[in-house]
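Below is the structure I would like to discuss, written out as structure tokens.
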Amino acid sequence: QKEVEQNSGPLSVPEGAIASLNCTYSDRGSQSFFWYRQYSGKSPELIMFIYSNGDKEDGRFTAQLNKASQYVSLLIRDSQPSDSATYLCAVKTGAGSYQLTFGKGTKLSVIP
Amino acid sequence: EAQVTQNPRYLITVTGKKLTVTCSQNMNHEYMSWYRQDPGLGLRQIYYSMNVEVTDKGDVPEGYKVSRKEKRNFPLILESPSPNQTSLYFCASSSPAGDTEPETQYFGPGTRLLVL
């Protein structure tokens, strides 16, 4: 059974701080890793994807992947109240498949 | 405008009465998926499709059927709904990253289903 684990939170950070969201996964064959943001009552929205070990930056967001440790993280710099949402981590295993396993999400609150 | 549409958005039904939730996308994406989202359990994939006539099971396929006869449509069928299928359902379409293109995924607005 493939598992994706996230701290449920809530994680509270002050405005302007760095928010750090973590995710671990059990399947070593996992190849693609995704972060989604979901506002309350809304659909998930893809915000970052990463395939290779290391860091990937997009604006205020940085995804970090360490396949040896089976760990992927999302950093949000200069956090804003509008970043308050639930963040979902998802993992896709293997080529030739689009089976996605999600973590249960981490709720982030950015305090003004 | 890139769009994934689902219908109906809300549905109340009774145990055993067959229903279909439609999903349509206008982005010519090859990949489409269905998910259910439940409190405490998160988002779980039901079925996915990598192309027309190509479908495969996700993590929780029991009690559901899908078909992909056209690229743009991916309906979810509950042939005999039960109360444990009460949930929020999302359809999504995706295009994997290529050499010059980023990964794109779009979710529909969701269908809230209550099975009595």
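The values are calculated or read from the model by the stated rules, or taken from the named source; none is laboratory data. Quantities reported herein were computed from a predicted structural model and do not represent experimental measurements. In this analysis, Cβ positions are derived from the backbone assuming ideal geometry, glycine residues included, and neighbour counts consider all displayed protein chains.
Among the residues of the stretch B:43-55, write down those that are surrounded by fewer than 17 Cβ atoms within 10 Å (Cβ to Cβ) and either more than 11 Å from every other protein chain (Cβ to nearest Cβ) or hydrophobic (A, V, I, L, M, F, W, C) (or both).
B:V52, B:E53, B:V54
Among residues belonging to the stretch B:78-116 that are under 23 Å from A:Y39 (Cβ atoms), surrounded by fewer than 17 Cβ atoms within 10 Å (Cβ to Cβ) and hydroxyl-bearing (S, T, Y), point out the one that is farthest from the chain's Cα centre (by Cα).
Filtering the stretch B:78-116 for residues that are under 23 Å from A:Y39 (Cβ atoms), surrounded by fewer than 17 Cβ atoms within 10 Å (Cβ to Cβ) and hydroxyl-bearing (S, T, Y), the one farthest from the chain's Cα centre (by Cα) comes out as B:T104.
Need the failing condition index for A:S8 against (1) within 13 Å of the chain's Cα centre (by Cα); (2) small (G, A, S); (3) part of a strand (DSSP E or B), just the number.
Result: A:S8 fails condition (3) only.
This table checks each residue for (1) in contact with a Phe, Trp or Tyr (Cβ under 7 Å, 6 or more places away or on another chain); (2) crowded, with 17+ Cβ neighbours inside 10 Å; (3) under 30 Å from B:P61 (Cα atoms); (4) among the polar types (S, T, N, Q).
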| position | (1), (2), (3), (4) |
| --- | --- |
| A:R37 | yes, yes, yes, no |
| A:G41 | no, no, yes, no |
| A:E57 | no, no, no, no |
| A:A63 | yes, yes, no, no |
| A:S73 | no, yes, yes, yes |
| A:S82 | no, no, no, yes |
| A:V110 | no, yes, no, no |
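Kindly list the number of the only condition in (1) within 11 Å of chain B (Cβ to nearest Cβ); (2) in a loop (DSSP other than H, G, I, E, B); (3) in contact with an Asp or Glu (Cβ under 9 Å, 6 or more places away or on another chain) that fails for A:D27.
Unmet condition: (1).
Condition test on A:T101, is it surrounded by 21 or more Cβ atoms within 10 Å (Cβ to Cβ), touching a Leu at 6+ places or on another chain (Cβ under 7 Å) and of a type in the set (V, I, T)?
no
If I ask for residues that are closer than 16 Å to B:V14 by Cα and either part of a helix (DSSP H, G or I) or touching a Lys or Arg at 6+ places or on another chain (Cβ under 9 Å) (or both), which ones from the stretch B:65-85 would you list?
Within the stretch B:65-85, B:I77, B:L78, B:E79, B:S80, B:P81, B:P83, B:N84, B:Q85 qualify.
If A:D55 meets every condition in (1) in a strand (DSSP E or B); (2) more than 14 Å from every other protein chain (Cβ to nearest Cβ); (3) touching a residue at least 12 places away in the same chain (Cβ under 8 Å) apart from one, which number is that one?
Unmet condition: (3).
What tally of residues in the stretch A:71-84 results from selecting those that are touching an Asp or Glu at 6+ places or on another chain (Cβ under 8 Å) and not in a strand (DSSP E or B)?
Count: 3.
Further question on the same structure: Does any residue of the stretch B:64-87 turn out to be in contact with a Ser or Thr (Cβ under 9 Å, 6 or more places away or on another chain) and at the interface with another protein chain (Cβ under 10 Å from one of its Cβ atoms)?
Within the stretch B:64-87, not a single residue is in contact with a Ser or Thr (Cβ under 9 Å, 6 or more places away or on another chain) and at the interface with another protein chain (Cβ under 10 Å from one of its Cβ atoms).
Could you tell me how many of the residues in the stretch B:22-42 are modelled with pLDDT of 95 or more, facing chain A (nearest Cβ under 9 Å) and within 17 Å of A:G41 (Cα to Cα)?
2
Now a separate question. Step by step: first the residues of the stretch B:88-116, then only those that are in a loop (DSSP other than H, G, I, E, B) and at pLDDT 95 or above, then the one that is farthest from the other protein chains (Cβ to nearest Cβ). Which residue is that?
Across the stretch B:88-116, the extreme among qualifying residues is B:L116.
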